[in-house]
Structure formats: C-alpha cells, structure tokens
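Structure first, commentary second.
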Amino acid sequence: MTAHATIPDLPKPPWLRVKIPHGTTCAQIKELVRSKSLHTVCESARCPNMGECWARGEATFMILGNACTRNCRFCAVSSAKPLPPDISEPGKVAQAIACMGLTHAVVTSVTRDDLADGGAGQFAETIRQIRQHSETCTIEVLVPDFAGDHKSLEIVIDARPEVLGHNMETVARLYGQVRPGADYRRSLDLLQYAKTCSPATLTKSGIMVGLGESMEEIENALSDLHAVGCAILTVGQYLRPTPDHLPITRYYTPDEFKRIETLAYEIGFGRVASAPLVRSSYKAGRHVRELLTKTSEP
C-alpha cells in the first residue's frame with residue numbers, strides 16, 4: 001500500500017462516462033486475441049476507448065508479454081519479472097491483423113530493460129511479418145525509450161514502420177514522479193534521432209493531463225516535441241487505474257482540451273487529437289492516412 005491510496009478520487013465528470021465493450025465484433029476480437037495467446041494494450045492499460053475501437057474492428061497489440069520492468073506511477077500494466085520473448089509472437093500478431101482486415105496496425109510493448117536490445121528485434125520482426133501478411137496495411141509502432149540506446153532504435157527504424165511513436169506522458173517537472181526510470185530529455189532525443197535517421201517516417205507522441213501540470217508547462221512540452229520533428233500529438237485526461245497509482249489533481253473540461261488542440265496546431269503539429277478520452281492510438285489510422293496523403297500531393 002502506498003501513500004497515494006489515502007487520497008480519495010475526485011468525482012468523475014459526466015463527459016468521462018464510457019460504454020462497456022459489447023457486440024459481435026468485440027467478442028470476435030477478444031476470441032481472436034485469446035486463441036493466439038496475444039495481449040492488447042486496450043485491455044492491459046484499461047483503455048476507456050476499448051468499446052468504441054473494438055466495435056470498429058481496431059486494436060493495439062502489445063508484444064513482449066504483459067509484465068513491465070518499470071513501475072510508472074500512472075500505468076495499469078503490471079510491473080514484474082517478464083518471461084523470455086516468444087519467437088512465434090510476431091507471426092501470431094501478423095496473422096491476427098490479417099484476420100481482422102486492418103488497414104492500419106498499431107503495435108506497442110511493455111518496457112523490457114532486461115533485454116540487450118530492449119525488445120527492438122521483436123518489434124522489427126513483427127513489422128516484417130505484418131508486411132508479409134498484409135501488404136497494404138500501414139504500421140505504427142509505439143516504442144519504449146530503449147534506455148537511450150540508439151542502436152536498438154535503429155533496428156526498429158530499419159524495418160520501416162510508417163509511424164514511430166514514443167509517448168512523453170507528462171511535462172518535464174513531473175517526470176521523476178510519474179515515470180521513474182525514464183528521462184524527459186532522453187525521450188525527446190529518441191524522437192529526434194528517429195526523425196534524423198528516417199525523415200520520411202512520421203513521429204508521434206502523447207501526454208496526459210491532470211497530474212498537476214500547469215498550462216505553461218504543457219505549452220513548453222508541446223514546443224519541445226515540435227522542435228524535435230514530432231508530427232502527430234495526442235492529449236488525454238489521466239485516469240487513475242487503482243488507488244495505489246498517482247491521484248488525479250483535476251479533470252480538464254472538453255473546452256480546455258479544445259484550447260490545447262488549438263495551441264498545438266498553432267505551434268505547428270500536423271495532426272492533433274486532444275479530448276478527455278483520447279489515448280495514443282485513438283483514430284490513429286485516420287491521422288496517418290491524412291498526413292501520408294498530404295505529403296504525397298504535388
């Protein structure tokens with residue numbers, strides 16, 4: 001039990017009510033994931049958009065198991081000693097994506113500081129397998145920081161995903177509290193290095209609000225992300241997974257999220273999703289298609 005458990009939750013506002021996942025498509029996706037012994041971040045991170053996305057036939061696959069070597073104070077994914085990587089996992093993910101008929105696939109992972117390459121090789125093989133099974137599917141990866149190892153990042157970039165994402169999660173001042181084991185500048189460096197290595201690759205990041213940040217700190221974080229070439233931004237409300245996680249300092253209103261969106265576009269981002277229930281892969285395919293179409297226009 002942590003000190004955070006003694007802090008009561010704020011009353012949840014009406015705009016944060018979500019529907020429980022249901023319907024034939026949701027059931028089919030759940031059965032497909034179970035049958036191949038796969039994990040989705042939708043379930044592991046308790047995403048509030050799971051019902052909506054699953055009903056559209058969209059899901060974000062989480063590779064390298066569901067146990068993380070870090071213990072971020074906002075995250076619902078369990079922190080434990082992970083199992084060795086499953087060499088059959090990339091093929092299973094690719095087959096599931098093909099069965100679902102996805103036109104845009106999102107693949108993320110837990111942090112694997114126990115692996116020499118941080119899991120980069122598993123990301124790269126998953127990308128290759130998806131290409132073999134779904135030739136027209138665009139691929140987005142949401143990667144950990146690889147402990148700042150550029151060689152590991154290069155392994156992923158060389159597999160040529162259309163989008164390389166890495167979430168900042170919060171503002172600089174709160175990094176040590178929210179993301180112990182991570183580093184604000186290291187995360188920015190990862191995104192900058194990815195863009196340097198592959199200018200054609202779209203880079204993406206996201207932050208949560210409601211952890212005690214100020215609007216000035218939000219603006220500084222967005223400016224930092226734009227300065228390293230980040231094209232796509234997501235901003236959503238932090239929701240406390242359990243009483244043992246960091247408390248919510250306040251709920252931002254839909255109008256406040258709209259103001260953050262306007263600010264982000266003024267700073268120069270290509271696509272922005274900013275709303276209470278937005279998460280990093282929310283409507284990801286639409287944003288990528290719009291940007292890829294824009295860059296291919298004469």
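Could you list SER280, SER88, SER79 in order of exposure, starting from the residue whose Cβ has the fewest other Cβ atoms within 10 Å?
SER88, SER79, SER280
Going through the cross-link list LYS151/LYS258; LYS204/LYS258; LYS12/LYS92, which pairs have a Cα-Cα distance over 28 Å in this structure? Table pairs above 28 Å Cα-Cα are LYS151/LYS258; LYS12/LYS92. Each part reduced to its alpha carbon centroid, region 165-240 and region 251-285 end up 13 Å apart. Of LEU188, LEU64, the sequence from fewest to most neighbouring Cβ atoms within 10 angstrom is LEU188, LEU64. Counted residue by residue at 0.36 nm each, then reduced by the alpha carbon distance between them, the extension gain from LEU16 to LEU292 reaches 96.2 nm.
Students often get this wrong: which residues of region 170-189 have the backbone nitrogen under 20 Å from the point 7 angstrom along Cα-to-C-beta of ASP244? Under cut-off, by backbone N: 177-182.
Since every read-out is calculated from the coordinates, none of them should be taken as a lab result. Everything numeric here is computed off the predicted structure, so don't read it as measured data. No Cβ is skipped: glycine too gets one built from the backbone with ideal geometry, and neighbour counts run over all protein chains shown.
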